[in-house]
Ligand code: ARG
Ligand code: ZN
């Protein structure tokens, strides 16, 4: 799904006026990437996906995954060939009902050559039939399908889709999803959106439907043994939570945290605006990873997140991503601060709510915690580089940046900016530069120096810049009882 640009309509009208036949436009292959500087092969050119219908069958004992993904798309150029991003073994490809030839090439590219050239603007239905053992398929020594003792999980950023469905794997091409998986009775399936099940002898089919635009990396699939709970928030939002029965010592803390999903979603809605999706939830599979991921409306948590007891902070972080990351998504992966800086700041707001430190105190703490010589300050959160995309600075210096903004524009304007940003780009994509322009527009102040200082400059900014890292005597000048941390 891509928002149509006025300029392309104008160009079309111009072409009509000059009576240039559509076929005169150069037909050719779609590009092997969307042009993201961090990941040249992420996504593809030449088409725009509106829907994925993923229909699979899985055998947990052997890791055999087979089935069909149907991709509904529209050509954005005359296409002789196009790519999907996929790593599993393909058996057959149909394009608009006709057999298409296909080849797998470098990186994760499935190159598809349809029997006929597809005209710009026309619909494309791609059916890909496949079967493989995804846990054994590696790229660069790595499989994004994580085997568990009773199944497997796909949840990873910036990619995991290629290990379970073929896609245009870049956040700029969002789509709606149907995911339907047949598994042996006693095995559960977790994916995004609303859930229905049906039975046949010996097998259960789980159907999940995501009706809101979803980036490919935010689609998740988990298969295995789960205790599933279904509930509804007081506001009527369906909540699905699921836990591996084998979480061991982490089981209680995991439930004590993730069962607060509905309550925390309601709390965040008071700060960021209405929750953007139709369902909310979280699941904790039995995996040895340590991260969590904001998979849309159905958050992935590693058991390790709960190793030291309950962790509502991580739940707040991943829920905040539903606004900042999932609804408003990066335009390029270099815009990752728009996700991680905001989600970290949400944790700081929760910390204040729980009387565990204000955002101002936390900003000052992290400013001091990392000496000016620390490698922490060598990462620019506004353009960290692909290999530093999830460096601590993107999160902590990223959240300090928001506190610096808050100190500069004042509380009322700051929260108006946060809420307005989520509304302005709901279900879309945006850049850091657009955020700066938006904050300037709402506050009526030039903010170039602030953003350059905190997001785009290597090294620790001078103490006191935008009210951050002020030495203790000045900090003591905070009005008694001032808990919001705002400084003039
Ligand atoms: N967006 C995720 C989070 O901060 C980060 C996942 C990073 N992936 C990783 N393997 N560390 O919640
Ligand atoms: Zn995050």
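Just so you know, all these numbers are worked out from the coordinates, no wet-lab data involved. On a predicted model such as this, the values are computed, not experimentally measured, just so you know. All Cβ positions, glycine included, derive from the backbone under ideal geometry; neighbour counts span all protein chains shown.
Summary table
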{"item": "Those residues of segment 279-310 whose amide nitrogen sits under 11 Å from the label point placed on residue 249, 7 Å along Cα→Cβ", "result": "307-309"}
{"item": "Between segment 247-324 and segment 223-246, the alpha-carbon center distance in angstrom", "result": "12"}
{"item": "Helix 6-17 vs. the chain, principal-axis angle (Cα, 0 to 90°, nearest 10)", "result": "40"}
{"item": "Cα centroid of segment 26-83 to Cα centroid of segment 94-163, whole Å", "result": "7"}
{"item": "Order of 350, 377 - criterion: other Cβ atoms within 10 Å of each residue's Cβ, fewest first", "result": "377, 350"}
{"item": "Global geometry of segment 316-466, whether rounded, prolate or oblate, following the gyration tensor of its Cα atoms and the 1.5 cut on a/c", "result": "rounded"}
{"item": "Burial order of peptide ranges 391-404, 143-156 (average beta-carbon count within 10 Å, highest first)", "result": "391-404, 143-156"}
{"item": "Exposure proxy ranking, count of Cβ atoms within 10 Å, fewest first, for 179, 249", "result": "249, 179"}
{"item": "Cα gyration tensor category, rounded, prolate or oblate, for segment 329-381 with a/c compared to 1.5", "result": "oblate"}
{"item": "Considering only the chain, percent of DSSP beta bridges that pair antiparallel, nearest 5", "result": "80"}
{"item": "Three-way shape call for the chain based on the alpha-carbon gyration tensor, with the a/c threshold at 1.5", "result": "oblate"}
{"item": "CD proxy at 222 nm, helix term only [per DSSP H run n ≥ 4: -39500 (n - 2.57); per residue of the chain; nearest 500]", "result": "-8000 deg cm²/dmol"}
{"item": "Ranked list, fewest to most other Cβ atoms within 10 Å of each Cβ, for 326, 383", "result": "383, 326"}
{"item": "Highest average packing first - 208-218, 306-316, Cβ atoms within 10 Å", "result": "208-218, 306-316"}
